[in-house]
Amino acid sequence: MKVIAIAIILLTGGLLIYGVEDMPGWGDPDSPASSHVSPKYIKEALGKTATPNMVTAVLGDYRGYDTMGETAVIFTAGIGCILMLRKKRKGEGD
Amino acid sequence: MATHFAALIIVIPLIAALFVPVIGWWKKGLCYPWVVAVLLVPLISSIGVLNRVIESGPFSYYLGGWAPPWGIEYAIDYLNAFVLVIISVISLIVSIYSKKSVEKEIPEKVVPFYTLFLLLVTGLLGIVVTGDLFNVFVFLEIASLSCYALIAIGRDGAPLATFRYIIMGTIGASFYLLGVGYLYIITGSLNMLDVARLLPELYHSRVVLTAGIFMIVGIGLKMALYPLHAWAPNAYADAPSTVSGLIAPLMTKVAAYMMIRVMFTVFKPVFFIEVIPVTSILTWMAAVAIIIGSIYAIAQTDLKKMLSYSVVAQIGYIALGIGLANKSGLTGAVLHILNEAFTKGCVFLVAGAIVYKMGACNINEFKDLYRKMPFTMSAFLIGAFSMVGIPPTCGFFSKIYLIMGAISADKWIFVAVLLFSSVLNVVYFFRVIQIATFETPMPDYGRDKAYEAVYMDEVPLSMLIPIQIMAAGILLSGIFSSKIISTVIQFVIPVGF
Amino acid sequence: MTIKRTVNMTKQSDDVIVKTLSRLLIPFMQIYALYVIAHGHYSPGGGFQGGVILGASLILLAITYGLDNALRMMSERLNTILCSLGVFIYAGIGLLCIMLGGNYLDYGALDKILHVDIAHARSLGILGIETGVGIAVMAVMASIFLDISTGGLPSTKERDQSD
Amino acid sequence: MLEYIISKYNFWVYVILLLIGLYAMVGKKNLVKKLIGMNIFQSAVILFYVSIGVKKGGATVPIFLGNAHAAHGHGHAIIDVASYINPLPHVLMLTAIVVSIATTGVALAVLILIFRRYKTLELDEIMKIRKETGV
Amino acid sequence: MIWQLDLILCIFIVICAVAAITIKDLLAAVIILGAYSFFMCILYTGMGAVDVAFTEASVSAGVGTVLFVAAVSKTKRRSKD
Amino acid sequence: MEVTILVQATYKSFQMLDEARDKATQILDTAARLTSETQALHRKRIEAIFTGAKQTKVQLSRFIATFIILFGFWLFMSGHYDVFHISIGVLCCAVVSHVSHNLLFANPRAGDMRVIVKRFITYIPWLLYQIVLSNFHVAYLALGPKRLLDPKIIKFKSKLESDISMVTLANSITLTPGTITVDVKDGIYYVHAVSKKVAEDLMTGEMEDRIAHIFMEADHVYVQDVFDMAPIFVELK
């Protein structure tokens, strides 16, 4: 078990360290992540949604579908726990 | 409303799932008809979507009215629509089947069971329909979480199998998420088509390479590809029979869909063929999966466990088709997704029917089963034919395409593997059929003991009809396979093959 | 060394300090959670955080005053209905947008019934979905906690029998 | 070399955390430890995403701090992109955090089911029990 | 944020993570995991992700720890590794 | 026989308390009565929290008081004073005060709110003064000769009845340097004191009297339980 674990983390770690090298610098304002999609959110969010908190605007509106999925995930977890653990009591349902 | 079909595919099952607890509180018996009625909606919508794609080509739907890449987009092309139809058909059939089986196996948990059933279908449909990399993760988690909960209420060893599944599944999902993050850091976008547009200039960046490997490994974990398959057999075998009838055909196939999507839409095929040799590694892994899965399947005495190892082997077929990365190989893979969905659905439902009647499914106790349950077992026979690859079942055609793919890729060893695996399939399926059919106490004329009559003891119609529909689906998809290929699957193949 | 005795987290605490302070704290926690939901537009926060704080207030009640008292405030059935209701508010607003002629979740279409301009319609739509998220998250967090801490037997009598 | 390490230290930290989490998930025998590892693993991924969003050079939190009503309508002219941090990774990570807690909840429920059946949470002991009972 | 401070924070985080997976008392491990989440939350605040930090503080460090404590109190407190 | 036992007991109690036997009995009776009273009160209080007070009038007044307090809190936090946000605030406060108005005013003995607030505000400076005084004392202890340090746990029964006053006392004790409330159980305080002087200061009961004054508690007999009473009790029986 331990040997497999160490082999796996060596592999993963090697790959990750290999990948870090070509990454854009930390906090670079011109990196693709900050210059392709997100500027439009920053520029538009207030005007289009009247919401000063851009995170809320993107969360609720631009990517609202993700958030709905996330709420469904929470709901799934709740019902899953009920399914797995809750025992039926007498005199409930039919 | 027709333009919103794509949205309704997801939304209606989700909203319906919310009503199940309320309905179940009012009257428990209404849950089942409600679920069946609701699952008709995604079926109709997905057929509508497929129709529209066939008529007027791929289209997209902007959620929230925001244009991609800023908002989330449904990008529906032939592959999406095809897999959507498969999922909605299978889930409808399994939901019809579920009534008696659930009432017998988990009578006190019907209400949350059906809620999670609908949520699982929602998650699977959501993974397939969306065109956004992160959105895939969210729906993957819906599907996985409902899957965990549904598996955990199964047979004796189910919780431990589930725990293993949770650990492996979380690693898989997180690796996928990490890969998406790497793609985001280098391209700045999350939309699949947008990323695909931006990526080719960056193919020689190490970040893209890492992203590709992490995504493939993550999806491979979810797909139960050979070295990463450890969670699958126990989880499928220990789940309640309705649940294994739903997740064995669909969960891994959806992951296979994701793999096709990532390898051929997000990344262009040239990346995985030329820049990093993932495809050739994939084919070798798939070949090992086919052989090892089949051998493990032979070693099992429990029918469901045997079928679960068979899932691992069959996933190898799809991975082989993807890994061959040529036209007939990919056609074979996509056709095999269809074939697998029907075949595995059929045989797992049969296993469920046997569990329903006998309480367990140890192969050695199957004596006279063919006489007791002739209709069920004939469906099983068709499933076995398809698994082995006997015409006119669909398995024959998908296997032919895979072999043609292997030939045109000049990899004769895989041809040998495919043929050898057919032999192995014959071994493990015909062992079952032999016990069920021929190993019967023959009338012993030497003694006075009378011939022991075997009465027909068939499962209820609500279980039998879905099984027959599945078997019919295997035959029909085999007979019409050339038509399916010419109308849908040939457009799935990416340009450049 | 294993500790055999399992600790019952959801029985009434007998510490007067903890009890009194949580009694005084819970209403303020709840109002703070609602504040977080309502002001997600202007400051950090939103449905999830607010919902989790609301759920935490219920969990605190269950830990300090015992499960039965917590269930008196939020029964299992109400809890399940609130789970559904929260997600339904979200998905229902999306469907409402379809009915008003927009795409799914396109809150801009809500301006026809809200009589404000599109930007403010979107803002109100976000508020609506955040409310739904808050309700769902609160109910689910409380329900998961109750299930895990009692092992699925929230009513006291049967729990005493089984332990 | 040192400068190189320091310039990307957030990435190194995330790699280390991810490996710690992965090790615990695969190598530890206690199931609760596996779950703790899972939490660390997921939060490492979250740390990675949040690090993507950082923008140097006077950028602040992605909340418009001026008078919202005055800016509304002609916001295009006022808002300077360089002065706000990229909000998209934050949005994604809100989702991921909630997903991780949901997974943890389900996993803990499964854990209780396992404990009910085997009365232990050590993987090797469970395997021994399974071998003895043949389940 | 001053990078020295950030570095110290990172070291604390790594120490917390290692401690959480090595301590044999599961309750202590779980509480350390909560501390780990709080350090993470400070780190996020330093990076300007206030919403994420808020969520991490309320979700992971708050409810997550409570759920873990509930589960540990329902099962066993000692671990062998 | 009885007489000799009684004489012995009296002798011992004289030794311990310098008081007559009947007085000791009286104290013990009072203590017993108090304990049962507080327990009954405590039970009633817990019931009252969740079943709710029966009288709608009381309930309504509690609702309104909770609403006002919560709404003040909301306005303090909000910072957006337009019609929309204030109406949301009113709605939220109404919901919360409907759900938990029994929590904030659970104490059935709670008297006039205004008097309590006024007295509480006048209590704060005194508490601060005490804190400063004990700060100097603790500093002296820390810097001065070692032998003055005499940590011990003292135990006393308080005359306070409502939970809120008990908590105020416990927290005031903890706030004062040198003393820490370890536990409160059925009205009995277990306090860790760092030196003898601190313990004696506490035992004068001034703080307790003031808190009782704030919350308008009835004056009961003050039972000091510095000495262990158990052996006397056994003897008396």
*If C:T64 passes every condition in (1) within 18 Å of F:M77 (Cβ to Cβ); (2) in contact with a Ser or Thr (Cβ under 6 Å, 6 or more places away or on another chain) but one, which one does it miss?*
(1)
*Check B:A232 against each of (1) hydrophobic (A, V, I, L, M, F, W, C); (2) farther than 18 Å from B:Y176 by Cβ; (3) modelled with pLDDT of 85 or more and name the one condition it does not meet.*
(2)
*asked:* Any residue that is over 16 Å from F:A212 (Cβ atoms), more than 14 Å from chain C (Cβ to nearest Cβ), in a strand (DSSP E or B) and under 18 Å from the mean Cα position of the chain (by Cα) - is there at least one of those in segment F:112-124?
replied: no
*asked:* Condition first: within 14 Å of chain C (Cβ to nearest Cβ) and either crowded, with 21+ Cβ neighbours inside 10 Å or under 14 Å from F:K196 (Cβ atoms) (or both). Can you find one or more residues in segment F:133-142 that meet it?
replied: no
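Considering D:V50, D:V15, which residue is assigned to a helix (DSSP H, G or I) and surrounded by fewer than 24 Cβ atoms within 10 Å (Cβ to Cβ)? Steps first, please.
Values: D:V50 fails: surrounded by fewer than 24 Cβ atoms within 10 Å (Cβ to Cβ).
D:V15 is the lone residue from the list that is assigned to a helix (DSSP H, G or I) and surrounded by fewer than 24 Cβ atoms within 10 Å (Cβ to Cβ).
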*If you go through segment C:104-130 one residue at a time, how many are more than 10 Å from chain A (Cβ to nearest Cβ) and surrounded by 21 or more Cβ atoms within 10 Å (Cβ to Cβ)?*
2
*asked:* Name the residue that is farthest from C:R23 (Cα to Cα), counting only residues in segment F:173-190 that are out of contact with any Asp or Glu (no Cβ under 9 Å at 6 or more places or on another chain) and more than 10 Å from chain C (Cβ to nearest Cβ).
replied: F:P177
*asked:* Just checking, does segment B:317-329 include any residue being crowded, with 24+ Cβ neighbours inside 10 Å, over 19 Å from B:V243 (Cα atoms) and touching a Pro at 6+ places or on another chain (Cβ under 9 Å)?
replied: yes
_For segment D:96-130, give me the residue count where each residue is crowded, with 19+ Cβ neighbours inside 10 Å and out of contact with any strand residue (DSSP E or B) (no Cβ under 9 Å at 6 or more places or on another chain)._
23
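Surrounded by fewer than 21 Cβ atoms within 10 Å (Cβ to Cβ) and within 30 Å of F:H80 (Cα to Cα): is that true of D:G58 in this structure?
yes
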*Report yes if some residue within segment B:234-242 is within 13 Å of chain A (Cβ to nearest Cβ) and either over 19 Å from the mean Cα position of the chain (by Cα) or not hydroxyl-bearing (S, T, Y) (or both); otherwise report no.*
yes
*Give the residues of segment F:78-105 that are within 17 Å of C:L58 (Cα to Cα) and surrounded by fewer than 15 Cβ atoms within 10 Å (Cβ to Cβ), sorted by residue number.*
F:V95, F:H98
*Here are B:I186, B:I166: which of them is hydrophobic (A, V, I, L, M, F, W, C), crowded, with 24+ Cβ neighbours inside 10 Å, part of a helix (DSSP H, G or I) and modelled with pLDDT of 90 or more?*
B:I166
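Condition check ((1) over 13 Å from the mean Cα position of the chain (by Cα); (2) more than 14 Å from chain F (Cβ to nearest Cβ); (3) crowded, with 24+ Cβ neighbours inside 10 Å) across all residues:
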position: C:Q12; (1), (2), (3): yes, no, no
position: C:V18; (1), (2), (3): yes, no, no
position: C:L21; (1), (2), (3): yes, no, no
position: C:Q30; (1), (2), (3): no, no, yes
position: C:L67; (1), (2), (3): yes, no, no
position: C:C83; (1), (2), (3): no, yes, yes
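Go through the residues of segment D:1-11 one by one and say whether even a single one is more than 11 Å from chain A (Cβ to nearest Cβ) and either within 21 Å of B:G218 (Cβ to Cβ) or surrounded by 22 or more Cβ atoms within 10 Å (Cβ to Cβ) (or both).
Checking segment D:1-11: not a single residue is more than 11 Å from chain A (Cβ to nearest Cβ) and either within 21 Å of B:G218 (Cβ to Cβ) or surrounded by 22 or more Cβ atoms within 10 Å (Cβ to Cβ) (or both).
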*Quick one: count up the residues across segment F:165-213 that are out of contact with any helix residue (DSSP H, G or I) (no Cβ under 7 Å at 6 or more places or on another chain) and at positive phi.*
1
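Scan segment B:166-179 and tell me whether some residue there is of a type outside the set (A, V, I, L, M, F, W, C), over 23 Å from the mean Cα position of the chain (by Cα) and over 30 Å from B:A351 (Cα atoms).
yes
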*Failed item, numbered, when E:I31 is tested on (1) facing another protein chain (nearest Cβ under 7 Å); (2) at pLDDT 90 or above*: (1)
_Residues to consider are B:I322, B:I292, B:I298; find the one that is closer than 29 Å to B:T130 by Cα and either of a type outside the set (S, T, Y) or in contact with a helix residue (DSSP H, G or I) (Cβ under 6 Å, 6 or more places away or on another chain) (or both)._
B:I322
*Unmet criterion (only one of (1) more than 7 Å from every other protein chain (Cβ to nearest Cβ); (2) buried (at least 21 other Cβ atoms within 10 Å of the Cβ); (3) more than 16 Å from the chain's Cα centre (by Cα); (4) of a type in the set (A, V, I, L, M, F, W, C)) for E:L5*: (2)
*Could you list, in sequence order, the residues of segment F:145-154 that are surrounded by 14 or more Cβ atoms within 10 Å (Cβ to Cβ) and out of contact with any helix residue (DSSP H, G or I) (no Cβ under 6 Å at 6 or more places or on another chain)?*
none
*Go through (1) under 19 Å from B:I127 (Cβ atoms); (2) within 14 Å of chain C (Cβ to nearest Cβ) one by one and return the number of the condition B:A67 breaks.*
(1)
*Between residues in segment B:89-113 that are within 16 Å of B:L246 (Cβ to Cβ) and residues that are acidic (D, E), which pairs lie under 8 Å by C-beta distance while being six or more apart or on different chains?*
B:V110/B:E103
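The values are calculated or read from the model by the stated rules, or taken from the named source; none is laboratory data. The model shown is predicted, which means the values in this text are computed figures rather than measured ones. As a convention, Cβ positions derive from the backbone with ideal geometry for all residues, glycine included, and neighbour counts pool all protein chains shown.
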